[in-house]
Amino acid sequence: MEKIATSEISKLSRRALLQAGAAGILLLSFRLPQARAAGDTFAPNAFIRVGNDDVVTLVMPQVEMGQGIYTALAMILADELDANFDKVVLQHAPPDKAYNNPIFGVQATGGSTSVRAFWDPLRKAGASARGMLVEAAAQQWSVDPSTCRASNSEVIHDASGRKVGYGAVASLAATLKPVSDPKLKTLKDFTLVGRPVQRKDTPDKTNGKCQYGIDAMPAGVKFAVIAECPVFGGKVGHVDDAKAKAIKGVQQIVVLDDCVAVVGDTTWTAIRGLSALDITWNEGANANVDSAQIWEALRTASKGPGAVAKKVGDVDAAFAGGTHYEGVYELPFLAHATMEPLNCTLHYTKDACEVWTGTQVIGRVQEYVAKALDLPIEKVTVHNFYIGGGFGRRLEQDMAIKAARIAKEVDGPVKVMWRREEDTQHDVYRPVYHNAVSASVKDGKIVGWTHRITGSSVIVRWLPPAFKDGVDIDAVDGAADQPYGFPNLKVEYIRAEPPAVPTGFWRGVGPNNNFFTIESFIDEIAHREKVDPVAFRLRHLDGNPRLKAAIQLAAEKGNWGSTLSSPRMGRGISAQNAFGSFIATVCEAEVDESGEVRVHRLVAAVDTGIMVNPDTIVAQLEGGLIFGLTAALFGEITIENGRVQQSNFNDYRILRIDEAPKIEVHLIPSTEHPGGIGETGTTAAPPALCNALFAATGVRLTRLPIDRNALAGRKPA
Amino acid sequence: MITLHVNGQPHDVDASPDTPLLWALRDVLGMTGTKFGCGIAQCGACTVHVDGQAVRSCQLSIGSVGDQAITTIEGIGSSDVGAKVQKAWLDLEVIQCGYCQSGQIMSAAALLAHKPHPTDEDIDAAMAGNICRCGTYVRIREAIKKATAA
Ligand code: FES
Ligand code: FES
């Protein structure tokens, strides 16, 4: 996998990043991008366009993949702009540095950063544009702009009762100097922010009109499906295509060094053609890699010296006395399993290429397709789409590169699609992790804590400046800045790349691993200290009032301490602050005689700072919690003979509606900077579940997915 | 040439009879609202109605459809029950990425057409074949109940 050129993120200050944490709040000095549109349209910055026809168009710097971000970002812009929200039109951003995510310095949507990163810049952009429109109207009326106000895409002069639509003053506004430090609204002046607003993207998702990348249909498009070597890193040996060619509608067979694609007049003929191919693969060096080896290598690596990510106080002194506890926690590889399988449509014409796809990194898609086709970057046009699930998979551009290499061999536009099996087996996987933790307890409180994380570094490839001195800023996120303020702390990281298996970001990123570990281990310590897990956590949270309040609310709403309806049920809690949000989650789960688990209820309390669209926050938490449960209950990719053993939803299970618990989400009002919410539920669910299972059975699960055999036949604790 | 009756209109489809209805709809007729998710009857993203029954279109060849009436997500809003389901879906803001939701709405509409007042068990049974990776299940349950009350 290629390294991303460091030049594009050269402005990123490592110190700033470290201070913020990969998922922390950090805004690089952000200047409003300059207007680029010409003519009579008012385009004061990269995000706002006002036409003479009164149409206000908002250009979305982050992609919509279900998290409701188009609505949230549009609300922020429209609120400060005083635009008529019902009439604003949203546009996907083209590849352009003007839309870089200020936290990453890359045009990317991920890490639950969208609102955190764009809250300030979009407010300024909206307020500045509003100021210019007001100024233009005031000039036209020869009145003092301070006597005018704006509302619903109109400037109003109350004294004279005059009103003018934004469109009518757009041309004049375009000649004015941008207001560089505009006056922003105060919280109480917001008309959209903080209210539940109907999402902009959902109506077309009820009637088949919404277009995802897989729905792109450029005129004359052909349909291709791809087969990659099932063994990671393997190559194509020999292809016998006689039978495939005989199938009516099969148009072409493209053989590249590492994959084969069949092009047909429909996806179905392409699938049939692919099945009819007889491909011999040169499996290469990885043909014998299996899961047992991978785990052994990881555990061996975990013994080596670690790079210190965080050191507080004197850990050795803290461990000199007190009661000591030790634990080891491990997490498996996971696939993303986005509902929309990987796909990319391209039209290559010797000197240019047009691309249609849904991506979290449109700038990188443009750059890497250009490289793959040996074209100047400006000759590659990329159209972004609504995304049928990202979860980190579409933070990569590997699929676009492969599709481009195929499209280069095809005359006319071609849609390259990965069948579900190929999608599952050629993912970039959430890394396997090994965690060694220890704690020293004196007088009922944890006084010393060590946490050593061993696993692959995704950052080193994806955002190189955020990897330095052996520490991956994401891998230690949540551990180095653990919520409990332990007075003596040492957190180490050991980079250990698994043989053969490519790794990538997966919803919840580093905090997934770290909070599973921390929240399982602290629960274990509370139990062994014979202290209620809620009380034990609260003891350590005097310095973290927001998390404390979330735990208290979750415990209250989750009926903590009350008797459950069945002796086979247990109740567990987890708490975390990550992604700038504070969440506590109470889980009720039941274990039957055979070890099968039923999750009955999840109750979450969350403080995510200022809320833009509260209903979206609830929805993201509901969905995120389910996503986390799926991982905890079922998620594991295993390797044998260098290949992934899972293939489709039959053997890579996703939670279904009849298995879904009741979920309650309680929002805690706040005036703090907005936090991230896309991943918050995902990282919260697994430890809450495992702690509930412990309460039900007395079995402490230290690995995911849950081991039903370990739970089977256990008496209630 | 095979004639398919989709959303009340006849369409001539020039594709081999073994072609799954899913791919005929998407690739030949350009009706892309019906989605591909798994191809093996595991996810329900491809759900359409054939003579009023919810069917996985990835498993049904066009050669076997005959004269039966096909309804897709593009046409479901013209039935009463379909429109109610769509409205409930928006009122409760069920949808996240939306990729599974064509199938969810088609399954829910078929359920309500046959059982106007389903129990929780009926809902689970009718909807368990539709995976939602974004985890919208809690709202799907509520929205189905809301559509029945409408
Ligand atoms: S695509 Fe038909 S059930 Fe999944
Ligand atoms: S809404 Fe995304 S898969 Fe269901």
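Values quoted throughout were computed directly from the atomic coordinates according to the rules given, and no laboratory measurement underlies them. Worth saying up front: this structure is predicted, and the values here are computed from it rather than measured. Glycine also receives a Cβ, built like all others from the backbone with ideal geometry; neighbour counts cover every protein chain displayed.
Quick notes on this one:
- Of the DSSP H helices in chain A, those whose Cα atoms cover at least 20 Å axially and whose Kyte score averages 1.0 or more: A:614-634
- Of A:K87/A:K205; A:K442/A:K548; A:K185/A:K548; A:K97/A:K209; A:K97/A:K350, those spanning more than 23 Å from alpha-carbon to alpha-carbon: A:K185/A:K548; A:K97/A:K209; A:K97/A:K350
- A dipole drawn for the stretch B:76-149 from +1 and -1 charges on Cβ atoms has a positive end, and of B:I131, B:C97, B:V85 the residue lying farthest that way is B:C97.
- Among B:C38, A:C353, sorting on how many other beta-carbon atoms sit within 10 Å of each Cβ, with the fewest leading, yields A:C353, B:C38.
- Listed pairs A:K163/A:K188; A:K415/B:K87; A:K124/B:K146 exceeding 30 Å between Cα atoms: A:K415/B:K87; A:K124/B:K146
- Only lysines eight or more places from A:K303 in sequence, or on another chain, were considered; those with a Cα closer than 17 Å are A:K490.
- Residue (of A:V447, B:A110, A:P61) at the positive-pole extreme of the protein assembly as shown, dipole from beta-carbon charges: A:V447
- Relative contact order, whole percent, for the stretch B:76-149 stands at 44, derived from Cα pairs under 8 Å and 6 or more residues apart.
- Rg/Rg_globular for the stretch A:155-234, with Rg_globular taken as 2.2 N^0.38 Å and Rg from C-alpha atoms: 2.12
- Close amide-amide hydrogen proximity is noted between A:V447 and A:S440, A:V441, A:K442, each under 5 Å apart and 5 or more residues distant or on a separate chain (H modeled in the peptide plane; Pro and chain starts excluded).
- Relative contact order computed over the stretch A:432-485 (Cα-Cα under 8 Å; 6+ residues apart), in percent: 26 percent
- Under 13 Å from the Cα of A:K408 - aspartates and glutamates, other chains or at least 8 residues apart: A:D351, A:E354, A:D374
- Rounded if a/c under 1.5, otherwise prolate or oblate - the protein assembly as shown, Cα gyration tensor axes: rounded
- 9 Å beta-carbon shell around B:R139, net charge (K/R +1, D/E -1): -2
- Take every Cα pair under 8 Å whose residues are at least 6 apart in sequence, average their separation, divide by the length of chain A, and the relative contact order is 15 percent.
- Exposure proxy shown here: for A:R364, A:R461, A:R299, the number of other Cβ atoms within 10 Å sets the order, fewest to most, as A:R299, A:R461, A:R364.
- Choice from B:T71, B:T32, B:T119 with maximal GNM fluctuation in chain B (Cα, 10 Å cutoff): B:T119
- Fluctuation leader among B:G44, B:G82, B:G98 - chain B, Gaussian network, Cα springs under 10 angstrom: B:G98
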